[in-house]
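Working notes, structure below.
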Amino acid sequence: MVKFLDLKTINDSFEPDLSRAIKRVLNTGWYLLGNEVKAFEEEYADFIGTKHCIGVANGLDALRLILKANIILGRLQKGDEIIVPANTYIATILAITDNQLVPVFVEPDIANYNIDPHRIEGKITRQTKGIMLVHLYGQNAMNTKMQEIIEKYNLQLFEDNAQASGAFFENRRTGSLGHAAAHSFYPGKNLGALGDGGAVTTDDDELEEVTRAIANYGSSQKYMNEYQGLNSRLDEIQAAILRLKLNRLDSDNKRRLDIARYYCEHINNPEITLPYYCFNDSNPEHVWHLFVVRARNRDQLQKFLSGKGIQTLVHYPIPPHKQKAYKEWNKINLPVTEQIHNEVLSLPMSQMMTNAKVNAVVEILNQQNRKC
Ligand SMILES: *Cc1c(COP(=O)(O)O)cnc(C)c1O
């Protein structure tokens with residue numbers, strides 16, 4: 001039996017330090033807006049390479065808060081258009097529409113599943129004010145073409161770094177490339193808490209101040225409310241857990257890279273399209289949050305693997321524009337996005353997978369090849 005992601009094994013590997021960290025917070029009697037969050041914010045900002053980090057309740061809130069702060073600061077206005085990859089997780093889109101901004105869906109590049117920079121210019125209007133770059137599956141989405149467009153049209157660059165904690169573009173971490181970035185510490189993410197958690201990183205002092213205030217009822221001073229804020233804070237316990245896990249993030253990501261390389265080198269089922277980085281493997285740009293293959297007979301393949309005890313998942317079966325929640329966009333034609341949603345399959349991936357399990361996945365996948 002190979003689980004898709006064994007969170008229990010991952011968390012056990014941090015013991016006994018994990019229980020000690022929880023106990024430490026328990027014993028302080030202080031559970032919100034305290035020293036653990038403050039220390040984590042400093043350590044994560046330092047890791048990402050930004051001046052500021054604000055701990056928040058989850059990744060969706062991090063995205064929402066960045067956009068809301070920009071509206072408060074007058075840098076964005078309701079109705080402004082934000083360029084976004086059409087095949088992202090729905091949270092990216094929810095944050096945009098929640099702020100009465102307009103997502104402009106751009107097709108991904110079928111080779112690497114990230115937004116196709118060559119399709120952006122055709123979508124830019126006078127209303128276009130920003131790009132929400134999503135480093136999907138753990139893979140950096142920035143490149144020189146993207147930089148050119150951002151500069152040429154003077155766009156704000158926001159990053160959805162929920163899936164890419166630790167990834168690089170050239171020698172900078174993703175999450176430090178634009179005006180602000182959102183991070184998620186959902187348990188299954190590369191840096192995962194024991195519950196929900198998220199963060200905003202930025203170099204911008206004003207944006208930091210407003211974001212921090214609106215995450216805390218719009219208040220920087222107790223009982224003084226400058227903005228109509230919300231309540232979105234990272235717990236002290238989660239911060240203590242994340243501090244511990246952050247110390248090991250680069251080495252955990254390195255183990256993921258080794259597993260990905262093994263998959264790349266050994267999977268030889270001709271029905272399966274391997275990730276782009278299998279063939280462009282000089283760089284550690286990719287933190288392999290997910291190892292995503294493509295197959296025409298995806299559903300059959302998934303059933304076959306499941307019958308052999310290999311758990312897989314689909315990220316994602318329905319694109320945002322096809323969801324009931326967004327009826328107004330159901331009829332938009334986005335063939336690359338739809339092909340991806342019909343064909344992708346995520347193989348088991350975690351830093352704690354043993355070589356034997358990785359090999360078992362490969363053997364069974366290649367066996368399906370001989371059968372048909
Ligand atoms: C997980 C995820 C989010 C949301 O994070 P939560 O912490 O679950 O709210 C946003 N965007 C992407 C691309 C994600 O994968």
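So if I check each of Val210, Val200, which one is β-branched (Val, Ile, Thr) and either surrounded by fewer than 17 Cβ atoms within 10 Å (Cβ to Cβ) or within 16 Å of the ligand (Cβ to nearest atom) (or both)? Walk me through it before giving the result.
Values: Val210 fails: either surrounded by fewer than 17 Cβ atoms within 10 Å (Cβ to Cβ) or within 16 Å of the ligand (Cβ to nearest atom) (or both).
Every option except Val200 fails the conditions.
Give the stretch 52-75 a look and list any residue that's crowded, with 23+ Cβ neighbours inside 10 Å and more than 21 Å from Asn247 (Cα to Cα), or say none.
Leu60, Asp61, Ala62, Leu63, Arg64, Leu65, Ile66, Leu67, Lys68, Ala69, Asn70
Does the stretch 58-79 hold any residues that are within 16 Å of the ligand (Cβ to nearest atom), closer than 12 Å to Phe158 by Cβ and among the aliphatic types (A, V, I, L, M), and which are they?
Matches in the stretch 58-79: Ala62, Leu63, Leu65, Ile66, Leu67.
Going residue by residue through the stretch 34-51, is there one that turns out to be crowded, with 20+ Cβ neighbours inside 10 Å, over 18 Å from Gln238 (Cβ atoms) and touching an Asp or Glu at 6+ places or on another chain (Cβ under 9 Å)?
There is at least one residue in the stretch 34-51 that is crowded, with 20+ Cβ neighbours inside 10 Å, over 18 Å from Gln238 (Cβ atoms) and touching an Asp or Glu at 6+ places or on another chain (Cβ under 9 Å).
Has the stretch 150-159 got any residue that is in contact with an Asp or Glu (Cβ under 7 Å, 6 or more places away or on another chain) and either assigned to a helix (DSSP H, G or I) or not β-branched (Val, Ile, Thr) (or both)? Full working, then the answer.
First pass over the stretch 150-159, keeping only residues in contact with an Asp or Glu (Cβ under 7 Å, 6 or more places away or on another chain): none.
No: zero hits.
Give, as residue ranges, the helices (runs of 4 or more DSSP H) completely inside the stretch 1-76 that count at least 1 residues that are touching a Phe, Trp or Tyr at 6+ places or on another chain (Cβ under 7 Å), farther than 30 Å from Ser306 by Cα and without any contact (Cβ under 8 Å) to a residue 40 or more places away in the chain. Break it down stepwise before answering.
Details: elements: 7-12, 17-28, 35-48, 59-72.
Ranges flagged: none.
Any idea which residue in the stretch 115-142 is nearest to the ligand (Cβ to nearest atom), counting only those that are assigned to a strand (DSSP E or B) and not small (Gly, Ala, Ser)?
Within the stretch 115-142, the subset assigned to a strand (DSSP E or B) is 115, 128-134, 139.
Narrowing the set further to residues that are not small (Gly, Ala, Ser) leaves 115, 128-129, 131-134, 139.
Details: Ile115: 12, Thr128: 21, Lys129: 20, Ile131: 15, Met132: 10, Leu133: 11, Val134: 5, Gln139: 12 Å.
Applying the filter and picking the extreme gives Val134.
How about the stretch 258-278: which of its residues are surrounded by 17 or more Cβ atoms within 10 Å (Cβ to Cβ) and under 17 Å from Met352 (Cβ atoms)?
Across the stretch 258-278, the qualifying residues are Ile259, Ala260, Tyr263.
How many of the residues in the stretch 279-316 are out of contact with any helix residue (DSSP H, G or I) (no Cβ under 6 Å at 6 or more places or on another chain) and either crowded, with 16+ Cβ neighbours inside 10 Å or not hydrophobic (A, V, I, L, M, F, W, C) (or both)?
Narrowing the stretch 279-316 to residues out of contact with any helix residue (DSSP H, G or I) (no Cβ under 6 Å at 6 or more places or on another chain): 279-285, 293, 296-297, 299-303, 305-307, 309, 311, 313-316.
When the remaining residues are screened for being either crowded, with 16+ Cβ neighbours inside 10 Å or not hydrophobic (A, V, I, L, M, F, W, C) (or both), the result is 280-285, 293, 296-297, 299-303, 305-307, 309, 311, 313-316.
Total satisfying the criteria: 23.
Restricting attention to the stretch 85-114, report how many residues are away from the ligand (no atom under 12 Å from the Cβ) and of a type outside the set (S, T, N, Q). Working first, answer last.
Within the stretch 85-114, the subset away from the ligand (no atom under 12 Å from the Cβ) is 86, 97-112.
Okay, now just the ones that are also of a type outside the set (S, T, N, Q), so 86, 98, 101-111.
Within the stretch 85-114, residues that are away from the ligand (no atom under 12 Å from the Cβ) and of a type outside the set (S, T, N, Q) number 13.
Kindly evaluate Ile149 against the criterion of being among the β-branched types (Val, Ile, Thr) and farther than 15 Å from Ala86 by Cβ. So that I can check it myself, show each step before the final result.
Working: among the β-branched types (Val, Ile, Thr): yes; farther than 15 Å from Ala86 by Cβ: yes.
So Ile149 fits the description; yes.
Of all residues in the stretch 213-234, which are polar (S, T, N, Q) and within 16 Å of the ligand (Cβ to nearest atom)?
Narrowing the stretch 213-234 to residues polar (S, T, N, Q): 216, 219-221, 225, 228, 231-232.
Asn231, Ser232 - these are the residues of the stretch 213-234 that are polar (S, T, N, Q) and within 16 Å of the ligand (Cβ to nearest atom).
Need pairs with beta-carbon distance below 6 Å; first residue over 14 Å from His118 (Cα atoms) and within the stretch 134-163, second more than 16 Å from the ligand (Cβ to nearest atom) and part of a helix (DSSP H, G or I); sequence gap 6+ or separate chains.
Leu157/Ile150
Read-outs: derived from the displayed coordinates by stated rules, not from any lab. Because the structure is a prediction, the values reported are computed rather than measured. Heads up, the Cβs are rebuilt from the backbone with ideal geometry, glycines too, and the neighbour counts pull from every protein chain shown.
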